[in-house]
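J.: The structure under discussion is supplied below as structure tokens; questions concerning it will follow.
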Amino acid sequence: MSSLPPQHVQVLIIGGGPAGSYAASALAREGLEVAVLESAQFPRYHIGESLIPSVRHYSKFIGAQEKLMQHGFAPKPGAAIKFAQFKTEGYTDFTAASPDNSSWNVVRSEFDHILLEHASSCGASVHQLTRVDELQFSPTEPDRPIAASWTSSLPAGESQTKTQGTTSFDYIIDASGRRGILSTTYRKDRRMAESLKNIAIWGYWTGTRHYGEGTSRAGAPWFEGLDDRSGWAWHIPVNDGTVSVGVVLAQSAYTAMSRSLRDDGSASSLEDKYRSILKLAPGLMKMLESGTLVPKKGAGEQKETRVRMASDFSYSAEGYAGPGYRIIGDAAAFIDPFFSSGCHLAFTSALSAAASICASVRGDCTEAEAVAWHSKRVATSYTRFQVVVLSAYKEIRGENIDASGDVDVESFQRGLAIIRPLIHGASDVGTRLTAAEVDHALNFCSKAFGLTTPEQREAVAEHSGLPASVLDVNAPAVNTDEAMRLVQSRSEEQGSEEHQATNGHVLPGEKETRQVVEHANARRVIHQEWSLHNLEVEGVDGRAIRLERGNLGLQVLSAEA
């Protein structure tokens, strides 16, 4: 995993994080010659410990699920979210549908290392401590990259020896993370989301209380809105015995708070500021009463640190592919981590890149068609999470968010196609999204974080008389008012009162039933992403992924599909 890169390879991948490792595994398992150039030495520290259930299903496709399951990562049965102090928390139970739908809270250095080693075991050649310096482009096709110059720093005894070289390729995948060499250096098309310019500050604790201790919810992360509505805090127990505790708040709010603390002399260090901000999350502070903030040296780091800080700006590119190249993971786009979507988007974009390259190689379509397919597929997934995250921020901030300039019109139409008739009626979105149109979508999607519990959802499913499809997040969206008319009609027929007691249980009332139906509708937006099978049936330009080992590619959807 540390030899010098080859002079030529069929597919070159820049970066060995989750996106690059996944793409390498998928392509190598298809028999393509793949090389990964990774600038760091794994294991290396990375934030982002909370994963969503789709990661299990995506890892199964490349044969990595069993390795991840056997490693001993902390089980994540669901997630608890409290947007504001005057509200109770809502809880999303991942395992309600199936025990196999749980996820993990992970030490990312271990998780990422497993994936990179898996790529190597699948047949990809992995070259660590090798940084791509620049790309060369075809003299006859200026937009097509054809070679990468790199510098390798291989260990030589107690020192490192630097070697420079060049590798040519047929295809290249940029999985270089936030560096995003293709998007930032060559395409120059990265755009920042003005509505999500945030700062993240975090540390690791021991001896804290956990959410749901002694219940089936134990291990679930806790997410809490700050009481000044400037951001949110997290509490995520991970498998090394520590708890990741952090805050995300608007850059403007952090700057103002820092100035205020500095002026009154109450805080000067980053840790002082971190502890001051944590006090804005009283639920979290109760969990930390018996806890200790510990110095921690992450894998690959030279010294221990108690508190870390990073800009948390969301961004995207205007496109994610071109002739002979694909852009994936954080190199393509980054969305605020509120919904823990980072690794999901890494895997989704990586599989999209692998399938579109295989489609081009195998003649499923032209390279131009494969390029367009990948760009639209990545944009669709990103937009879905973008709208859901923005809907959460609307709840956290308690105010409207004008994100119309941050959302791509075409991606908005594709990503929210399943619910757009319920939001906008039959009308089409114009050539420019208005703030009102985006606000309608945010209001709709915010119901996914509604104050419903698994017990309430079970009661509505059992006693409302609604068809099972109404509450099935994998079924088509429904009109809430029409669903409520069905409930009212059934109640009138039975002559039952709204809160009739049956066997010691209180039947759900109209308000609760409406909340549960709205919750199911909103969850449909994200559940389109969670199912790997969805990539086989959701078309982009009339094509979907052919998820067949040894025949990965793109296929034309039938008229029936």
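J.: For region 151-192, how many residues meet the condition of being closer than 26 Å to residue 48 by Cβ and either hydrophobic (A, V, I, L, M, F, W, C) or not in a helix (DSSP H, G or I) (or both)?
T.: Residues in region 151-192 being closer than 26 Å to residue 48 by Cβ and either hydrophobic (A, V, I, L, M, F, W, C) or not in a helix (DSSP H, G or I) (or both): 13 in total.
J.: Of the conditions (1) part of a loop (DSSP other than H, G, I, E, B); (2) within 18 Å of the chain's Cα centre (by Cα), residue 22 fails just one. Which one is it?
T.: Condition (1) is where residue 22 drops out.
J.: Another question, then. Does region 97-108 hold any residues that are under 25 Å from residue 518 (Cα atoms) and either open to solvent by less than 10 Å² (accessible area, probe 1.4 Å) or within 18 Å of the chain's Cα centre (by Cα) (or both), and which are they?
T.: 101, 102, 103 - these are the residues of region 97-108 that are under 25 Å from residue 518 (Cα atoms) and either open to solvent by less than 10 Å² (accessible area, probe 1.4 Å) or within 18 Å of the chain's Cα centre (by Cα) (or both).
J.: A further question follows. Answer with yes or no whether residue 284 is touching a strand residue (DSSP E or B) at 6+ places or on another chain (Cβ under 7 Å), open to solvent by less than 40 Å² (accessible area, probe 1.4 Å) and not assigned by the TED database to the domain that holds residue 147. Talk me through it step by step, then tell me what you get.
T.: Values: touching a strand residue (DSSP E or B) at 6+ places or on another chain (Cβ under 7 Å): yes; open to solvent by less than 40 Å² (accessible area, probe 1.4 Å): yes; not assigned by the TED database to the domain that holds residue 147: yes.
Against the criterion (touching a strand residue (DSSP E or B) at 6+ places or on another chain (Cβ under 7 Å), open to solvent by less than 40 Å² (accessible area, probe 1.4 Å) and not assigned by the TED database to the domain that holds residue 147), residue 284 qualifies.
J.: When you check residue 132 against the structure, is it more than 25 Å from the chain's Cα centre (by Cα) and open to solvent by less than 40 Å² (accessible area, probe 1.4 Å), yes or no?
T.: yes
J.: Evaluate the following for residue 330: is it under 29 Å from residue 254 (Cα atoms) and in contact with a Lys or Arg (Cβ under 8 Å, 6 or more places away or on another chain)? Walk me through how you get there before you give the answer.
T.: Values: under 29 Å from residue 254 (Cα atoms): yes; in contact with a Lys or Arg (Cβ under 8 Å, 6 or more places away or on another chain): yes.
Judged against the criteria, residue 330 is a match.
J.: Check 94, 86, 61, 73 and return the single one that is among the hydrophobic types (A, V, I, L, M, F, W, C), without any contact (Cβ under 8 Å) to a residue 40 or more places away in the chain and surrounded by fewer than 24 Cβ atoms within 10 Å (Cβ to Cβ).
T.: Result: 86 is the single residue among 94, 86, 61, 73 that is among the hydrophobic types (A, V, I, L, M, F, W, C), without any contact (Cβ under 8 Å) to a residue 40 or more places away in the chain and surrounded by fewer than 24 Cβ atoms within 10 Å (Cβ to Cβ).
J.: Regarding residue 111, is this residue within 25 Å of residue 241 (Cβ to Cβ), at pLDDT below 85 and buried (at least 21 other Cβ atoms within 10 Å of the Cβ)?
T.: Against the criterion (within 25 Å of residue 241 (Cβ to Cβ), at pLDDT below 85 and buried (at least 21 other Cβ atoms within 10 Å of the Cβ)), residue 111 does not qualify.
J.: For region 345-367, which residues satisfy the criterion of being open to solvent by 10 Å² or more (accessible area, probe 1.4 Å), under 16 Å from residue 34 (Cβ atoms) and among the small types (Gly, Ala, Ser)?
T.: 360
J.: Would you please name the residue that is surrounded by the most Cβ atoms within 10 Å (Cβ to Cβ), looking only at residues in region 317-330 that are more than 18 Å from residue 18 (Cβ to Cβ) and in contact with a helix residue (DSSP H, G or I) (Cβ under 7 Å, 6 or more places away or on another chain)?
T.: This residue is 321.
J.: Let me spell it out: the conditions are (1) assigned by the TED database to the domain that holds residue 62; (2) closer than 20 Å to residue 318 by Cα, and residue 365 meets all of them except one. Which number is the exception?
T.: The single condition residue 365 does not satisfy is (2).
J.: Mind checking whether some residue in region 118-131 is touching a His at 6+ places or on another chain (Cβ under 8 Å), under 18 Å from residue 17 (Cα atoms), in a helix (DSSP H, G or I) and not charged (D, E, K, R)?
T.: Looking through region 118-131, none of the residues is touching a His at 6+ places or on another chain (Cβ under 8 Å), under 18 Å from residue 17 (Cα atoms), in a helix (DSSP H, G or I) and not charged (D, E, K, R).
J.: Right, next: Residue check: is residue 183 at pLDDT 95 or above, touching a Ser or Thr at 6+ places or on another chain (Cβ under 8 Å) and either among the hydroxyl-bearing types (Ser, Thr, Tyr) or in the same structural domain as residue 346 (by the TED database) (or both)?
T.: No: the conditions fail for residue 183.
J.: Is it the case that some residue within region 388-397 is over 16 Å from residue 336 (Cβ atoms) and either open to solvent by less than 20 Å² (accessible area, probe 1.4 Å) or not charged (D, E, K, R) (or both)? Steps first, please.
T.: Residues of region 388-397 that are over 16 Å from residue 336 (Cβ atoms), as a first pass: none.
For region 388-397, residues over 16 Å from residue 336 (Cβ atoms) and either open to solvent by less than 20 Å² (accessible area, probe 1.4 Å) or not charged (D, E, K, R) (or both): absent.
J.: Can I ask one more? Within region 185-203, track down each residue that is under 21 Å from the mean Cα position of the chain (by Cα), basic (Lys, Arg) and buried (at least 17 other Cβ atoms within 10 Å of the Cβ).
T.: 190
J.: Also: Go through region 407-432 and count every residue that is at pLDDT below 75, part of a loop (DSSP other than H, G, I, E, B) and open to solvent by less than 40 Å² (accessible area, probe 1.4 Å).
T.: The number of residues fulfilling the criteria is 3.
J.: Let me ask another. Need a quick list: helices (runs of 4 or more DSSP H) entirely within region 452-559 having at least 2 residues that are of a type in the set (Gly, Ala, Ser) and either modelled with pLDDT of 75 or more or touching a Cys at 6+ places or on another chain (Cβ under 8 Å) (or both).
T.: It comes to 454-463, 468-471, 510-530.
J.: Does residue 333 satisfy being assigned by the TED database to the domain that holds residue 144 and crowded, with 24+ Cβ neighbours inside 10 Å? Steps first, please.
T.: Details: assigned by the TED database to the domain that holds residue 144: yes; crowded, with 24+ Cβ neighbours inside 10 Å: yes.
So residue 333 passes the test.
J.: Quick test for you: out of 116, 182, pick the one residue that is more than 15 Å from residue 36 (Cα to Cα), open to solvent by less than 60 Å² (accessible area, probe 1.4 Å) and either more than 26 Å from the chain's Cα centre (by Cα) or among the aliphatic types (A, V, I, L, M) (or both).
T.: Going through 116, 182 in turn, the sole match is 182.
J.: Is it the case, given these coordinates, that residue 375 is open to solvent by 10 Å² or more (accessible area, probe 1.4 Å), at pLDDT 95 or above, touching a strand residue (DSSP E or B) at 6+ places or on another chain (Cβ under 6 Å) and assigned by the TED database to the domain that holds residue 172?
T.: yes
The values are calculated or read from the model by the stated rules, or taken from the named source; none is laboratory data. None of the values given here were measured: they were computed from a predicted structure. Neighbour counts are summed over all protein chains in view; Cβ atoms, including those assigned to glycine, are modelled from backbone coordinates with ideal geometry. Note: accessible area is taken over every heavy atom of the protein model, side chains too, but ligands, DNA and RNA are not part of it. Shrake-Rupley method; radii C 1.70, N 1.55, O 1.52, S 1.80 Å.
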